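The values are calculated or read from the model by the stated rules, or taken from the named source; none is laboratory data. Because the structure is a prediction, the values reported are computed rather than measured. Note that each Cβ is placed from the backbone with ideal geometry, even for glycine, and that neighbours are counted across all protein chains shown. Quick note on the areas: whole protein, heavy atoms, side chains included, nothing else; ligands and nucleic acids left out. Shrake-Rupley method; radii C 1.70, N 1.55, O 1.52, S 1.80 Å.
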Amino acid sequence: MAEASGHRPLFSTQSASGRTVYKLFASSMLVSICLVLIYRVSHAPEAGESGRWAWFGMLAAELWFSFYWIITQSVRWYPVYRTTFKDRLSQLEEAELPCVDIFVCTADPAAYFAGSAGASDDKEHSDMKNLFREMESRIDAVSILGKVPKEQKTHKGFSEWTSEMTSKNHQPIVQILIDSREETSVDIDGIVLPTLVYMAREKRPQHHHNFKAGAMNALLRVSSVISNSPIILNADCDMYSNNSQSIRDALCFVMDEQQGHDVAFVQFPQCYENITKNDLYANALKVLSGVEFIGLDGLGGPLYIGTGCFHRRNALCGTKYTTEYKEDWKRRTKMENRETVSILEDRAKSLATCIYELNTQWGKEIGLAYGCVVEDVITGLMIQCRGWRSVYFNPERKGFLGVAPTTLPQTLVQHKRWSEGDLQIVLSKYCPLFYGHGKLKLGHRIGYCIYCLWAPNSIPTLFYLTIPSLFLLKGVSLFPEASSPWFVSFAYVAAAKNAYSLVESLISGDTLVGWWNIQRMWMLKRTTSYLFATIDNMLALVGASKAGFVITAKVAEADDSAKRYEREVMEFGTTASAGVMFVIIGTTALINLACLVVGLQRAVADQAFGGLLMQNVICGLVVALNLPIYEAMFLRKDEGRMSSSTVFASAGLTVLACALPVL
């Protein structure tokens, strides 16, 4: 990268190599996909022939898969990698590094202590955990007594609580627990501690609090009168810093004199410290982090994913980017003023009330957006459409580590929420294809649709997982015979797509078994989480349902459950939220098992597969992916097995499906 007028860049950007080879591969895939669709249209059964409706259903599913595959190519053509030069930060002419505010939203603080997150020192972690448990006990005691005991009022955190207050009905509380301006605010080594502020925004039953987006917006306002730092780090309560240089990395992007003026936020990948060796529930999403987000970065910037993100305060507060914009890094922060703690606290409380946002642009054009389950994604899109761009940075040593779901129900519920919110964006005025028109590159807008269209994948996937198998049961072919030239196109699309998926996964850090687990989880999520997300969105469109925010519990409910997770044994258990999902999973698994048995028996009896080879292969692969499901249904005796009621319901639906006369 050339240096202009003595400027030394704070970061560099390199394009990924090997794109020509990939483009040739993608072109061959596109040709084969077209041949598959041509075959499907030109060889449709005549009216009255068996399987005609299923044939056109397969055509519809294949059209969707083709469309979605084309969408996924947008982030694979121009990926870029970023490198920072942190040593140059201190060499900027007369510049001082700006202060950084850190926002931590808490909804489940217990998740932090569920594992070893942040346990760099076992004794220190144990002491912190004991203090947390003591605090929990004091809070529980207050709840039981209905009042704050006199001896507890000496603790500043309890001083404002009264017997009438609850977690959902209380006034705003802002307390500066550590004031960095005080000489006594130092650690045991004499190093000045950062200012620490506790905020509990006002909550009243009659006012919607807008979940995490509402908390973030209140933090934006409260911090503006206490510190007002130009850069904000947003992290979840179950995450910890794993790389002390992350802040300096982020500053390299926003402070670069030539390239940083329009950078609104720097997104780090969401990584977890409790992922099993083979990523049992495919929560690491390494291909998303290692492939897709670097492709989005090349198009104009990644999505904002709600955590591990450094924001430019002005951009987050609704400022539009213009070429004349320039940040004043030397401006004084609020903490440099000598106002007393009590004055700052009182001023901040007025900004955290329920009525402050009434008749304002907060939640619309200012701060995080309201009304969407994935407030982070839609907020990032709005920021980029105001002229800003984002940067993705994935250092070798991960910046932040968090806690991933450790059971199947937790994972399915989390993905239901994500996919429901993403589809909600597509169905709103913020659909990236239209809302970003004239503001974002076409490829960038299409890249957003990869995630916004997760949910609609459910219906064609469910169709493909059941209909070919059921028609295999009846001996009706839905694919070309193995001896037909058309068979080559179907075989190439299936083999090449999965082979490339495996290569991407291995390059991104997954194991071979991990890749297989990912395929299983995509199947399970598409037939459950994404299906219910689609249904809920359709109901919401006609006013029959309203999307709500569901916190994903990440604390293992029992020691046995945690041990099974460590051994990579899938956890089903008995949770009401996933009961219907498990019935779908069990039914799909049993349908394919029954159909495969009959299909193989027919092939052995006829000493040939005939035109049913492809259906036998699909059915066999689905059965192989479902091996842990069969184990949970029939072989396991532990508490993590599938419940008897779920097994019976799945078996009943399987018998019904196999006996349908329409087949």
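What you get for the chain, charging only the Cβ of Lys and Arg (+1) and of Asp and Glu (-1), is a dipole of about 1400 debye around the Cα centre. The angle between the Cα long axis of helix 122-145 and the main principal axis of the chain comes to about 80°, on a 0 to 90 degree scale. Scattering from the chain was approximated by placing one identical point on each alpha carbon and applying the Debye formula without solvent; log10 I(q)/I(0) at 0.08 1/Å stands at -0.69.
Restricting attention to segment 1-71, which GluC sites (Glu not before Pro) occupy a DSSP loop and are surrounded by at most 15 other Cβ atoms within 10 Å? All intermediate terms of the calculation are to be shown ahead of the outcome.
Working: sites: Glu3, Glu46, Glu49, Glu62; in loops: Glu3, Glu46, Glu49.
Sparse-neighbourhood loop GluC sites (Glu not before Pro): Glu3, Glu46, Glu49.
For the chain, the longest principal axis of the alpha carbon atoms and the long axis of helix 246-255 meet at an angle near 80°. Rolling a 1.4 angstrom probe over the protein heavy atoms with all chains in place gives segment 415-559 an accessible area of 43 Å² per residue. Within a straight-line Cα-Cα reach of under 18 Å, Lys212 can be paired with the following aspartates and glutamates, leaving aside sequence neighbours fewer than 8 residues apart in one chain: Asp101, Asp108, Glu202, Asp236, Asp238, Glu357, Glu365, Glu375, Asp376, Glu420, Asp422. Of the whole protein surface, Arg389 contributes about 60 Å² of accessible area at a 1.4 Å probe radius.
May I ask for the angle, rounded to the nearest 10°, between helix 52-72 and the longest principal axis of the chain, with both axes built from Cα atoms and the value confined to 0 to 90°? That works out to roughly 40 degrees.
Around Asn169, with a cut-off of 13 angstrom between Cβ atoms, what is the net charge of the other residues, counting Lys and Arg +1 and Asp and Glu -1? Don't jump to the answer; show the numbers that get you there.
On the way: positive: Lys168, Arg201, Lys203, Arg204; negative: Glu164, Glu202.
Local charge sum for Asn169: +2.
The figure for Lys23 is an accessible area of roughly 60 square angstrom, using a 1.4 Å probe on the protein chains alone.
Ordering Gly308, Ile178, Pro485 by Cα displacement along the dipole of the chain toward the positive end leaves Pro485 in first place; charges were set at the Cβ atoms of Lys, Arg (+1) and Asp, Glu (-1). Taking the protein heavy atoms of the chain in the context of the full set of protein chains, the accessible area attributed to carbon and sulfur is 60 percent at 1.4 Å.
Using Cα-Cα distances under 8 Å and only pairs 6 or more residues apart, what relative contact order does the chain have, in percent?
Values: 1003 pairs, mean separation 118.5, N = 663.
Reported as a whole number, the value is 18 percent.
Using only the C-alpha atoms, the convex hull of segment 4-61 corresponds to 133 Å³ per residue.
Principal axis extents of the Cα atoms in segment 612-659, from largest to smallest and rounded to whole angstrom, are 39, 24, 10. Between amide H atoms placed 1.01 Å from N, distances below 5 Å from Ala482 occur with Leu613, all of them 5 or more places distant or on a separate chain.
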